[in-house]
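Please treat every number below as a calculation from the coordinates, not as lab data. Here the structure is a predicted model, which is why all the values come from computation and not from measurement. Counting neighbours? That spans all protein chains shown, and the Cβs are built from the backbone with ideal geometry, glycine included.
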Amino acid sequence: MTYANGNPGVALRVNSIGVVPATAGALAIVSALFNLWGEQAVLTAWFDGSPHIDRSLAVFSAFGGVLLAVTLIMGAVQIFRRDETGRFMVILASGLLVAIGVVALIGALTSYQPDYGIDWMPREGGVADALTGAFGGLVGTLTALVHRDWLGSVTGMIFPALTLVLALAPSTARWVAPRPSETLYL
């Protein structure tokens, strides 16, 4: 309890300033930017005519990454506007990124080898692959999946997992909950 002037007889009510929801929105924007950065890497390799790009996986990652980036940005903006829909958008997009990261991690830990070869961006090495996973969004996670890189899979889940946890937090739910003064009756 916070007291006015140190006097325990007069209590002040401290209202939530929305730190957790604001952090969730900020991390959603960061995750969206990482997705766009990863898309830039794939599209650059595609248009340069790199022989290490599987066209179908590049198209999937391009559409998926842009869709996730748009969803995360729109969700973040709506969280900042205290709209409940934005929270659900961020939960959906971050949850999908975490799920893909878990699949990539399971593939790496079990040394899963598909029957067909996927031609993708070449391996760069331990730390570089981990950084690609962390800062490449969907493309980074897919790269970790194709290369069966457990460290890239784990680092690729850091920002989406933090965003998901903060978006699921009860304080975020309270922050975006409809308030009686904003309810419209027709």
Inset, instruction - Could you compute the FRET efficiency for ILE106 and LEU131, with r as their C-beta to C-beta distance and R0 at 22 Å, rounded to 0.05? - result: 0.55
Inset, instruction - Work out how much length ARG81 to SER50 would gain on full extension: take 0.36 nm times their residue separation and subtract the Cα-Cα distance, in nm to one decimal. - result: 6.9 nm
Legend entry - Euclidean distance between Cα centres, the range 67-98 to the range 145-180, Å: 10 Å
Legend entry - Over the range 19-177, volume per residue of the alpha carbon convex hull, in Å³: 93 Å³
